[in-house]
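The values are calculated or read from the model by the stated rules, or taken from the named source; none is laboratory data. If you're wondering where the values come from, they're calculated on a predicted model, not measured in any experiment. Here the Cβ positions follow ideal geometry from the backbone for every residue, glycine too, while neighbour counts run over all protein chains shown.
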Amino acid sequence: MSDLFQNGPQDSTRSVLVALLACGIVISAIWILRPFLPATIWAVTIAVTTWPMLRRLQACVGNSRRAAVSLTILIAMVLFILPLWLAITTVSSHFGDIAALVSSLPTLRLPDEPAWLARLPLIGPHVGPFWTRMQHMQFPEMVRQVVPSPETLIHTFLAYAGSFSLLALQFVLTLIILGVLLMRAESAIGVADSLVTILAGSRGREMLQLAAYTIRGVAFGVTVTAVVEAVVAGIGLKLAGAPWVSILTALTFMVCLLQAGPGVILIPAVIWVYFDQGLMPAVLLLVVTIITIIIDNVLRPFLIRKQADIPLILIMLGVIGGLGGLGLVGIFIGPLVLSVAYTLTKSWISDSRTETPSLPPNS
């Protein structure tokens, strides 16, 4: 018994020191690899998302891993990287036009009141004075209380976009790391499985599977929905004869990634088309706007909950927090981290309640 008391504190101290040393090494390694972390996290996210597709493609191309990996990387570029890159380059290439529009905003005013508006029952007589006040009010005064100034929005976007050469480098690093991960996917899965088994036993494997499902659901739900909404919005803008179709389409894609919804871009575009092109083009664009809003509220939850049951508020918070913490890559990483943490925590709490034994009666 005396040996136990004598060796116990020494063993405990040694264990604590070893744990601190291990933590210090891990933190140092993360700090050294910090420039590569966004690309690595993004590559891991895409690899987990496309792993089932890779296996199916490999069976279709004669069990050739290289061919399957090449096709998977091409599909990943089309779905996850190319739309974001096109949106950023489109907005930045038309920065001069956007700046000209910003400088012309103080001169914008509403046109004369339409004749049919005054003939509306009940509200028609009351709309005229309100329309007259709005007509003599400059555009910045109309929106100053509800949205930031356009200059602030543009400078914020460019600040997040940063250097496009560095952004292109991040994309290239992501593709390289993604290719390595997919070529050695079985080894990576084995390492992850061994690690979670050591940390959490058999339950760790289930947690790893839950994390994979959550990653796939969020990645497909956020990205695919934004791409579909941008395509539908672009077609509607083109048919309605709206100006700057490419810019508005790119902005629609980006606000959909930010979980703000397509209406942020399309509803002002409907108003603009009405005064610029007439009633019928505006009605057409309004129908397209309603369709995109329906897609946003139906397709995204369906794709996400097909893999995991995640509150949509978590995705919105993850997008905002990820964008602020990691830049553009954080648009994808933030929702994934919060969703995985939510799913794992929910499962852990549920299992803890199930496995907790009943307390013995008080003696």
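Taking the conditions (1) surrounded by fewer than 15 Cβ atoms within 10 Å (Cβ to Cβ); (2) farther than 19 Å from residue 263 by Cβ in turn, residue 235 satisfies each one other than (2). Looking across segment 245-293, just one residue is farther than 25 Å from residue 222 by Cα and not in a helix (DSSP H, G or I), and that is 278.
If you check 273, 283, 298 for being on the phi < 0 side of the Ramachandran plot and touching a helix residue (DSSP H, G or I) at 6+ places or on another chain (Cβ under 6 Å), only one passes: 273.
Annotation: residue 325 fulfils all but one of (1) touching a Gly at 6+ places or on another chain (Cβ under 9 Å); (2) modelled with pLDDT of 75 or more; the unmet one is (2). Could you count how many residues in segment 256-266 are at pLDDT 85 or above, within 15 Å of residue 91 (Cβ to Cβ), aliphatic (A, V, I, L, M) and crowded, with 19+ Cβ neighbours inside 10 Å? Of the residues in segment 256-266, 1 are at pLDDT 85 or above, within 15 Å of residue 91 (Cβ to Cβ), aliphatic (A, V, I, L, M) and crowded, with 19+ Cβ neighbours inside 10 Å. Considering the conditions (1) touching a Ser or Thr at 6+ places or on another chain (Cβ under 9 Å); (2) under 24 Å from residue 89 (Cβ atoms); (3) at pLDDT 85 or above, residue 248 is excluded by exactly one of them, (1). Flag set for residue 304, criterion: among the hydrophobic types (A, V, I, L, M, F, W, C), closer than 17 Å to residue 220 by Cβ and modelled with pLDDT of 75 or more.
Of all residues being at pLDDT below 75 and of a type in the set (A, V, I, L, M) in segment 1-25, which is surrounded by the most Cβ atoms within 10 Å (Cβ to Cβ)? Just the residue, please. Out of the qualifying residues, it is 4. Residue under question is residue 51, and the condition is that it be more than 30 Å from residue 274 (Cα to Cα), modelled with pLDDT of 85 or more and aromatic (Phe, Trp, Tyr); does it hold? Answer is yes for this residue. Looking only at segment 234-246, decide whether some residue is of a type in the set (Val, Ile, Thr) and farther than 25 Å from residue 342 by Cβ. Looking through segment 234-246, at least one residue is of a type in the set (Val, Ile, Thr) and farther than 25 Å from residue 342 by Cβ.
Among the residues of segment 26-45, the one identified as loosely packed, with under 14 Cβ neighbours inside 10 Å and among the polar types (S, T, N, Q) is 28.
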